[in-house]
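Asks: Please read through the structure below; I'll follow up with questions.
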Amino acid sequence: MDDQPNHYTVKRLHEIKAEHEAWVRSLTKAHTDRPLLVADPLYPQPKMLRVITSGNTLWNMIKESLTFEYAIPGDLAEEDETLVVEFLDLIQDLMDISRDLVSVRENRDAEKMIFGFMDHLLKRDLIVGAYVRHMLFYDGYERGPMSWPMLRVEVHRAKDAAIVDENGKPIPRKG
């Protein structure tokens, strides 16, 4: 857009916004009595998880998100499932207070807590993958949709995970 200021004028940007809002309203017209989440067409939806290797990476995803969803293997040993559930509860708790943590120390402590859990998971041969889905929240009234970033966190057995590069090409396992 910045490279084409004559094409993307203020007027044209307002038109694009109005068209987008009309599109969202058309999706939600039949659901005016209840809230609805729809994928934001301005953002491509992720096709693969990002392997999370640091508390900082996941913490930044948590801070930008308003809600989260998760997936875990269904047949984990009880000890592993307990650890994963505690990790996911930590994510929920941090998401609930993320807007209140303002100092560098508070943010760094959150990152360390996340990394500590991830280290325990890795010792149990479990890895964490995540991405942020950009959604639009329509509240059922005539107001326009609100941006609603949703964090998706998945815990997988390392042996079951297919590791790929950014183009989806499998990365061979070592050893």
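Asks: Pairs, please: C-beta under 8 Å, at least 6 apart or cross-chain, first residue within 14 Å of R152 (Cα to Cα) and in region 83-94, second part of a helix (DSSP H, G or I) and open to solvent by less than 60 Å² (accessible area, probe 1.4 Å)?
Replies: As it stands, the answer is F87/F117; F87/M118; F87/L121; I91/L58; I91/I62; I91/I114, since those pairs meet every condition given.
Asks: Given the conditions (1) under 16 Å from L121 (Cβ atoms); (2) open to solvent by 60 Å² or more (accessible area, probe 1.4 Å), and given that Y43 satisfies all but one, which numbered condition is not satisfied?
Replies: So Y43 meets the others, but not (1).
Asks: For region 67-100, which positions are within 17 Å of S147 (Cβ to Cβ) and surrounded by 15 or more Cβ atoms within 10 Å (Cβ to Cβ)?
Replies: Matches in region 67-100: F68, M95, S98.
Asks: Are any residues in region 118-175 modelled with pLDDT of 90 or more, open to solvent by 90 Å² or more (accessible area, probe 1.4 Å) and small (G, A, S), and if so, which ones?
Replies: The answer is none; no residue qualifies.
Asks: A follow-up question, please. Suppose we keep only residues that are open to solvent by less than 90 Å² (accessible area, probe 1.4 Å) and of a type in the set (A, V, I, L, M, F, W, C) within region 8-29. Which one would you say is modelled with the lowest pLDDT?
Replies: Checking each candidate, the answer is L27.
Asks: If R157 passes every condition in (1) out of contact with any Gly (no Cβ under 9 Å at 6 or more places or on another chain); (2) closer than 28 Å to P35 by Cα but one, which one does it miss?
Replies: (2)
Asks: Which residues, counting only those in region 101-116, are under 29 Å from R157 (Cβ atoms) and open to solvent by less than 50 Å² (accessible area, probe 1.4 Å)?
Replies: A110, E111, I114, G116
Asks: Restricting the search to region 100-127, which residues are without any contact (Cβ under 8 Å) to a residue 24 or more places away in the chain, over 30 Å from A77 (Cα atoms) and assigned to a helix (DSSP H, G or I)?
Replies: Result: D100, V104, R105, E106, R108.
The values are calculated or read from the model by the stated rules, or taken from the named source; none is laboratory data. This is a predicted model, so every value here is computed, not measured. So basically every Cβ, Gly included, is an ideal-geometry build from the backbone, and we count neighbours across all protein chains shown. Each accessible area value is taken on the protein alone, full model and side chains, heavy atoms only, with ligands, DNA and RNA left out. Shrake-Rupley method; radii C 1.70, N 1.55, O 1.52, S 1.80 Å.
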